[in-house]
Structure formats: structure tokens, C-alpha cells
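Encoded as C-alpha cells, the structure appears first; notes follow it.
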Amino acid sequence: MDMEARVRSQCFHCHGGEKLCQATDDPNWWQRAVDRMVQYQDGLLQPEEVPSMAAWLADASNRKHWCAKNTQGE
């Protein structure tokens, strides 16, 4: 599964890239955030996808790479 593509398709219809780029590296914070989003929007992710999505988001190098590619001009 391409997690970067999942982040784009599942997060950015509600959130802009700036939110992702200014976020924390704390994996517990991301786990809680993804859990909340799944509660807000039924079917957003499958339960087994939540830990890997939270881990991808908590990884500063993933976010830095994504932000460098996607936030020019925001």
C-alpha cells in the first residue's frame, strides 16, 4: 500500500497540506488523531490501516518529503 497516496486521498479532502507540515512527530498524538478522524468519517480507513497511517504521519522524514513536494505556493 502506498501510504503517501492514502494520506493524500484520505486526509486532504478535509485538511490542507499545511496542517500536516506543521504537525508533531509524536506517534501517540498521531494515533489519537487518526482514530478521531476515523470516528468522524465512517469508512475513512479500514481498522487495520490506522496504525500504519499513524506511523507514516509520525515519521518526520515522510512529512518533510511530502511537504517539499506538495506545498509550494500554498
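Read-outs: derived from the displayed coordinates by stated rules, not from any lab. This one's a predicted model, so the numbers in the text were calculated from it and none came from an experiment. Counting neighbours? That spans all protein chains shown, and the Cβs are built from the backbone with ideal geometry, glycine included.
A few points about this structure:
- For semi-axes √(5λ) of the Cα gyration tensor in Å, the value calculated from this model appears in (1) 19, 13, 11; (2) 35, 9, 8; (3) 19, 17, 12 under label (1).
- Each helix, a run of at least 4 DSSP H residues, gives -39500 (n - 2.57); summed and divided by the residues of the chain, these come to -19000 deg cm²/dmol at 222 nm.
- Helix 27-40 and the longest principal axis of the C-alpha atoms of the chain enclose an angle of approximately 60°.
- The chain - Cys residues lacking any other Cys C-beta under 4.7 Å: Cys11, Cys14
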